[in-house]
Every structure is written in structure tokens, then in C-alpha cells.
Amino acid sequence: MTDRRRINGPPSGTRPAVFASSLKSASGDATERPRRHRQPNELRKIFLKTGLIPSASGSAYLEYEPSASLAAARSSPQSLIPPSSALKLACTVHGPKPLPRSATFSPNLVLTTHVKYAPFAARQRKGHIRDASERDLGVHLETALRGVIVAERWPKSGLEITITILEAEDDRWWGDAPDSHDAPWGMMNVLAGCITAASAAIADARIDCLDLVAGGVAAIVSDDAVAEEGSSSTPKLMLDTDPAEHKSILSACVVAYMPARDEITEIWLKGDHSKASLGVDDSSLGHEALIDGAINAARGAHTVLVEAVLESAERYAGLSSSDS
Amino acid sequence: MVAPSATLSVLNRADGSASYQCPSTGSNILGSVNAPVELPGRRDALKPEDATIEVFVKPGTAPAGVGERYVEGILKTLLGRVILGREKGYPRRGVVITLAIIGGESVGRGDPYLILLPALLHTALLALLSASVPLSMTFSATVLAVDESGQILREPSAEDAATAQSVHVLAFSSKGHLLLNESQGSFDFDTWDKVRQRASAICHGTQLVSADGDVAMAEDVDGRPLEGTLRETVEDQVYRDYNWKINAA
Amino acid sequence: MASSAPPPALTLPPSQFARLQPHAYLLAHLSPPASSNQPSLRANGRQPAQFRPTSANTGSLTHTNGSAVVRVGDTTAVCGVRAELLPTSDIASWSVSHASSGAHKRATTTKNDADADADESHIQDLNLLVPNLSLSTGCAPGFVPGAPPSALAQSLSHQILGLLHSTRLVRAEDLRVWYQVPSFGGDGDMDVDAEEDEGRKKKNDGKEIKAFWVLYIDIMIISLAGNAFDAAWAAVLAALRDTRLPRAWWDADNEMVVCSEAVAEATRLSLRGLPIASSFCVFEADAAAGWRAVIVPDAEEEKKIEEDQRRGMQRRWILADPDGYEEGLSQERVCLVVDREMGKTVIVKMEKNGGWAVDGRELKQLVDTAAERWESLKLILEQC
């Protein structure tokens, strides 16, 4: 179906490039899976900056530090296939503004969230129209933020939060076949990034919030070396996992967490680790541990968030003093 | 050079309409104007002291696409400056112009509408006149191609335009201003200057202003100036419409 | 700034004055009272012919063949180029059109640039370049995210495609994947096409095109503060300069095109020239003066405006690289795309619309300004 509002490519469609190395992968891996060089509880560095988009009421740009393998691939490029990727996203907040005439009365601030991948954000080219996963992310983000904003302060108003993902996280290592344990793990990292960035942008737009909400991810992964032997794996809890670095992620959890109130506004847990936790001492790797891990990751993101918001406040204070 | 031919008020239900036969491309353009009309559901978008102008271009065979949006934008900006949208009855209302391209070769993907642009502009102008929309001025437009040897070609066909070094569309107001210029291809400024002179001659003729300010429209190699052709079309229609009155007098 | 203040009884901070009386605000900046001895500057502090600071950065996006981020003032455009393959077997009319283009080639072998002609037709006929610009990124209020592309986004996409075609920036040869047909000798049992096939093979030394690269050029305007076209085009240009296509060949065993992942084997696109866009808008002093009346200057009026100008009373300003505020206050736009070859300025595209202030003389000056802009942007693009 051709889209009349966009410029279309060849009518027969096109195929992504097939690399020779991936064809003969059965004979043996030429390239190795990127390894995690961080400690299990060590987070990737987050670059977060507010106010880069002046036409919006509030804005934030978030970028994860490239993993060691990606950084190496960048500095001395060997292969055209990137080993992993690092999240990059821009978030804008427009509002509070009056609701359109057609909208029904609302005593509270009406929050709309919109998450869209750029066509070049992922390994597979994304379409121009939002797909199910993008809508899903939007809904998750909305739940995460709704509990934070003091919505009664703006009756009959709307707040629009738009996130453009310029580069997403991988769901798995590119060399792995999409098979068992497969789930869109990358989406969870993206959601955590969205929450942190949106929180900064909302603060930058000077919308009253209960607390600065931050997103964090933790996952239970089974060590690949052991898993290949076929014996009982020793699953480990890792914070801020890069899915490309792990052979199998058993379960993962993302939370939106407000540290000052010790509250969770959004929790998303996926996967099954019941079998994995049998091997070790009982509940040491249960849901609780997973959630605690995600909270710890969120605490880490929160420190970055505080700095970014502080910078935004300083800029605002500077502006208003020069104005008057 | 075959002069274009046009008829006014061909549609009964529109406020104003015009049909324009473009000899170089062989396409016929049917334009209709409805003005002033209420534009419901867009109260927030309307300008409080000016008319809102909407232009729709419908290609003959294919459904309208991205290229049509672009040419609509060009027409809208130009007509927005010509239509007196602040006259009584126009602010907060709409002027809706629809141009349908009938026949001729369809415009390909990514191709500019340059060779059809003058015809579209003329049709829009005649339809606006037919709808009695107040205008600050009239205009006339032409398209010229420059080939590799530097020859200027008037109203090129699609193939000529494809092989030409550069293609230029120019529109001049009835007062001699350059209203619109769309040039594409590679050229230098001196070439453009020559093109501009030639286009001005085509639109207005080589002007001979006599002492009393009358502008005599001389005929030269380019035949009758375009502006005269357009003016005559309107005059003919006025004669036809007021035939009863003229005959009675 | 304070010189443009409203009557003392009601004092407003400049930012509010700018919002309430935008036209008067900009006019006051551009024509300060002679007594104040202030230079005529725009509200954003720039000279009329001054462009905003521009920066470019390429290759930062992982999943692209080429990418660029260009910031022009507060307008930010991100462009990513993704290459995918179009096998000729997927093109419905390939066997027919290719044969005919071969015939065409033979007919025009006397002409030296016949190859160039065929180049362009492949890119255009097979839709090998697919630029799309998106404004629904929350870049400015008024663009609803998730809605289909606005008329502005559509016409910007079209302009970029038109410019890619008319400048012939990308060479079709770079996009072709050739295959050397091994000669088996026994071609005799081929049927009707044989003769034509033979002719083509002789011409191309037994080479045939197996696939084309299709470049998806997606531009996301992340932040919009006026003049989206210049920023978007600069981003496209920078991203295409950064684009690397993997070495691709026809694998006869698998009957598909496969690529080499080695960076060393990948090739960059060889672009034709470096066309750079500069946009301008015209701000008119009298546009809002008459509330209803629209004064169209005729020849005499024009003379008066010119005289005023000579006496230092300017009534029109041509502003380079307008920001969003200035764009909202002016109707007339000029867009120039120029390239320079051996010290000579070549105009690739020249558009003006929406007014009558700019004519030959003004355009000549603007071409010079655009040529200066070309020099400065060239340095920026070469450094990134």
C-alpha cells in the first residue's frame, strides 16, 4: 500500500542487506558476542541534558554511554555490523495548554504520551506509523508519569509528551536466532530511558510533581558459558542489562521509582525465572530481588536526573532575573 | 506560438470557475473558486483579520501526493499576496480554490510541477476573477527552459524540460513586479537575467509607455503578450454576460 | 533594546512586548531612532545578512549507513541514511526497460554524457532515493505527534527529493550491484531475446546489474525554530557524505546478493558537487500599517521606496536564515541553493514567492550572500 502523504520507495519493496558472515554462521562464529565489562551492579553512564529544544515548554535529551564493545567498534571500525547499540532519545513537553474544543470537560491535567522510533532507530527499519510496541511504550510511560504529576492544579488543560527515539537498544545479540527466551528485552531499557528523560523534561517545563521519577532496569540472566554446557545455570541478577551482551535473559523488570517517597508508579516484569531460582538458595532471586535491583538502578538514574534538573532550574532562574 | 485558450464560468454551482487549455503540455485545467465560505471546525486556525486561502490540486490520473502539496503551497503563498483577504466579508472566512488537471502527461514522482505551474496560476486567476474575489492585482506567468547551448525555449514540453540545463517559471504582476520565481537546474546569474527579460517580454510585451501613461502592448517575436490574452478572455466573458444590457442600450 | 520601549505609563518587559506586538517589536529593532545611535539589528541580535551559528556532527547513529546531526541555531535536524537492496528480479518491468535503455544507449553513443543520462533515469525511474522528513517529533507546538505528515512536512520532503534529482547528487553507478556473467559459450539455444541480449552483453562485457541499493533518507526535525529547509538539506548532505555502502556481490549459489561486512571494503558515495541551501525572508515595514488597505507599490511608489532607502529610511529588510519569529512576520521568501565550481558560483535552485520586494538586483546580492554561506558551511561539513 502506498502512502500518499510520504515519498515511497520502489513498489516491490526492498530487502535489508544480507552479510556473508551471517550466512555461514553455522560453520562457526566469526565474531564474538560482546561481553559485559561492568560489574553486575554497575550502571552505564547516562548523558542527560535539558532545554535543548527551546520551542517546547520543556525538553530533555538522553543518551546512554556506548558499551565497551560498541565504543571499540566506533574507534577502530572493522565490521559494518554494530555489536550493540546505545539508547538515544529526545523528549519534549508541550503545555499545559487548553484542551481542544471537542474534548470533554476534565477537572485534571490530561496527559498524552507519544513514543515513536525514528525509521533508522533499530536494526530493522521501522515504519512511519506507530506499531503495537510503540503504542505499548506510550501507555507504560503514561502510567509511570500519571502518578507523579499533580494533575489537579491544571483543570481543563492538556500536557503532551512526545518522545523520539533516535537509537534503540537491541532485543538480543544480532548473531542469535530469534528463538527461545525471546522477548523484546530492548523495549524495557527504552522504557526506563523514556521515564527518566520525560521526568527531566516535565521538571524543565515547571510542572508540579510529587517527586522526580526515575526509571531503572534489572534482569536475571543465566551465564552463557555455563548454559552452553547444559548443566544447571547459575543465574545472576544484573542491573541495567544490555540485551546484546547476554545469551539468555530469563526475566527482566523495569520500574518507575520515586526515591523521596519510596514509591513505585509503574512496574513491568517479564519472563520466567522460576526454574532458575530453584538451583540456588530459595528466594534469593525471586521477584523481590528483581524489583529491588530495578529500584537500585532507578536510584542511580535519579542522581543524574537531579543534576540535570538543577541545571535546568539554574538556567530558568538566570533567565527570569535578566528578564526583569 | 499557439496562444492558450480559456473559458470562464464553466461550472454552475461554484462561485467562480475557469477552464484553461495549455497548448504546450496538452493538458486542460479546470479551476473552481468558492469564496467567501465558512470553514467549519477550524475556528482556532482561522486568522482574525484575514481570509484563509486553501488550494487543492488534483492530478488527472493518479491520486494527489506529496508533489501536489508542494505546488499547492506555492500557489497559496502567491495568491495570498494577491487576494485582498481583508476586504469586507472575507476575514475569518475561506477562499477555496480547486484545480483539476485533465489530460496531458501525469507528473512523475519527485518531479516538480514547473511546466504546469503557469497554467495552474492562470486558471486560478481566471477562476478568482470569475468569482469576483477582490484582488490587488492580476498577474501572468510563463515557463522557460535553457538548453545546453544557452538557447531559451519558451513553454517547453516535458521532454524538453527533462533534457534542459535549467527550467524557470516566472510570474509578473500587472504592475511589473516579479511575483514568483522558481528555477531549477544549474545556471548562473547572467543566464537568469536573460531569462527574466525574455519572460517579462512574453508576459507584458516590450512595453512602450507613452506620454499619457498608457501602456501600449507591442507585439514581437513572442506574439501577443500573455497578459493581453488573459485580459481579453475576461472581457469576452463580460460582453457575453452583459449582452442583454449592451444590446438594450 | 530598551529604546524600543512602549509609553512609560505601561512598562512591559521586552519579552512580552515581543509577544503582543511582534511586528512593531522587530521593526523597532531594525530601525532604531536616529538619535539613539544604535545599529540596525534584528530582534535576535543578528545582522540582516548574518546566518545563525551552525554545527554538524556525523556518524553518531549506530544503525545507519550514514548519519548526521545539523544544528542551525535552535533548529536541529537529524538525518539517517539506510541502504537496502532492490534485486532487479523484483522490478516488474526490468527486463523490458533494461533492454530498451540498452538500445537507447547504443543510439546515443556519440554523445559523451549518455552514461550520465542513463544514470539519472535509473535513480528517478526506480525510486532509488527515498527522502522523508518528519515534523511530528514534538519539535514545535502545533504539530500533532502521530498525525500524518503536515502539508509543510510533505512539501519539504518533496523539495528535498526534487533537489536530489535535479542536482544529480548521488551517482547511480554507486548504487548498482554488478555481476560478471561467466561465459559458457553455448548461447545459441536462446530464443528471441538472444540478439538483444548479445548486443547488451557486448556493450557491458558480460556484466549485468543484479540489484540496486535504495537509500532511505529519513530526516527528523528534533527542534524547529525556523528555516527547516536549510537545516534539513545540510543534514541530508552531511549524512550522504558520511554514507558507506558495503561491498555487495551476486552469490550465484544462493541466488541472492550478499554483502561484505568489512569496513575496509565498503565504499563511500561519490557525490556530485556540494549544493548548499540558504533561505531568506523579507520583512516589510508597512505590512501591518494599513489595517485593511493593501498598498501595492507601482512604479512611482517603488521609486519612492528606493529614494527613502538612499536617505537611510529603510522600509524593507531581507533577513538571512530567519528564525521562527521572523518567519511568522514575513510573507516573502527566497530560497537559493548554490554550488561553487572552480571559483564560479552555480545556482542550482532559486525560488522566490509571496511578495514583490525581491527582483533581479536583490537576487544578485543574495546569490553573493549564498556563495559566502557556501564557503562557511563547506568548512563546517568538511570538519565533521
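Read-outs: derived from the displayed coordinates by stated rules, not from any lab. Keep in mind it's a predicted model, so treat the numbers as computed, not measured. Note: ideal-geometry Cβ built from the backbone for every residue, glycine included; neighbour counts use all protein chains shown.
Distance between the C-alpha centers of segment C:263-277 and segment B:4-41? Whole Å please. With segment C:263-277 and segment B:4-41 each reduced to a Cα centre, they are spaced 46 Å. Legend: mean number of C-beta atoms from other chains within 10 angstrom of residue C-beta atoms, peptide C:264-271, equals 1. Shown for chain B are the DSSP H helices of 15 Å or more along their axis, judged by Cα atoms, with a mean Kyte-Doolittle hydropathy of at least 1.0: B:117-130.
Angle between the Cα long axis of helix A:185-204 and the longest principal axis of chain A, 0 to 90 degrees, nearest 10? So the inclination is approximately 20 degrees.
Our estimate of slack between A:THR234 and A:LYS156, defined as 0.36 nm per intervening residue step minus the Cα-Cα distance, is 22.7 nm. If R0 is 51 Å, the Cβ-Cβ spacing of A:SER75 and B:SER5 corresponds to a FRET efficiency of close to 0.15. Each residue of segment A:73-83 was assigned a 3J(HN,Hα) from its phi angle through the Karplus expression (A = 6.51, B = -1.76, C = 1.60, θ = phi - 60°), giving 5, 6, 6, 10, x, 10, 10, 7, 8, x, x Hz with x at Gly and Pro. In this structure, B:SER132 and B:ASP160 have a Cβ-Cβ separation that, at R0 = 41 Å, corresponds to a calculated FRET efficiency of about 0.65.
When both segment B:164-179 and segment A:187-202 are represented by their alpha-carbon centers, they are found 52 Å apart. Sorting the segments A:138-147, A:103-112 by their mean number of nearby beta carbons within 10 angstrom, highest to lowest, gives A:138-147, A:103-112.
Can you pick out the pairs among A:LYS116/A:LYS236; A:LYS45/C:LYS378; C:LYS304/C:LYS364; A:LYS116/C:LYS352 whose Cα atoms lie more than 27 Å from each other? Don't skip to the end; give the middle numbers.
Working: A:LYS116/A:LYS236 32 Å; A:LYS45/C:LYS378 34 Å; C:LYS304/C:LYS364 21 Å; A:LYS116/C:LYS352 35 Å.
Check vs 27 Å cut-off fails for A:LYS116/A:LYS236; A:LYS45/C:LYS378; A:LYS116/C:LYS352.
When only alpha carbons are used to place a centre, segment C:218-256 and segment B:226-247 end up 55 Å from one another. In segment C:333-384, Cα pairs under 8 Å separated by at least six residues give a relative contact order of 35 percent. As a proxy for reagent exposure, ranking A:TRP185, C:TRP250 by other Cβ atoms within 10 Å from fewest up yields C:TRP250, A:TRP185. Applying 1/(1 + (r/R0)^6) with r as the Cβ-Cβ distance of C:GLU255 and B:ALA62 and R0 = 41 angstrom yields a FRET efficiency of 0.75. Residue by residue along A:46-52, Cβ atoms of other protein chains within 10 Å of the local Cβ number 1 on average.
Just check chain B against the gyration tensor rule for me: Cα atoms, a ≥ b ≥ c as the square roots of the eigenvalues, rounded for a/c under 1.5, and otherwise prolate or oblate depending on whether a/b exceeds b/c.
Numbers: a/c = 1.59, a/b = 1.19, b/c = 1.33.
Judged from the Cα gyration tensor, chain B comes out oblate (a/c at least 1.5, b/c at or above a/b).
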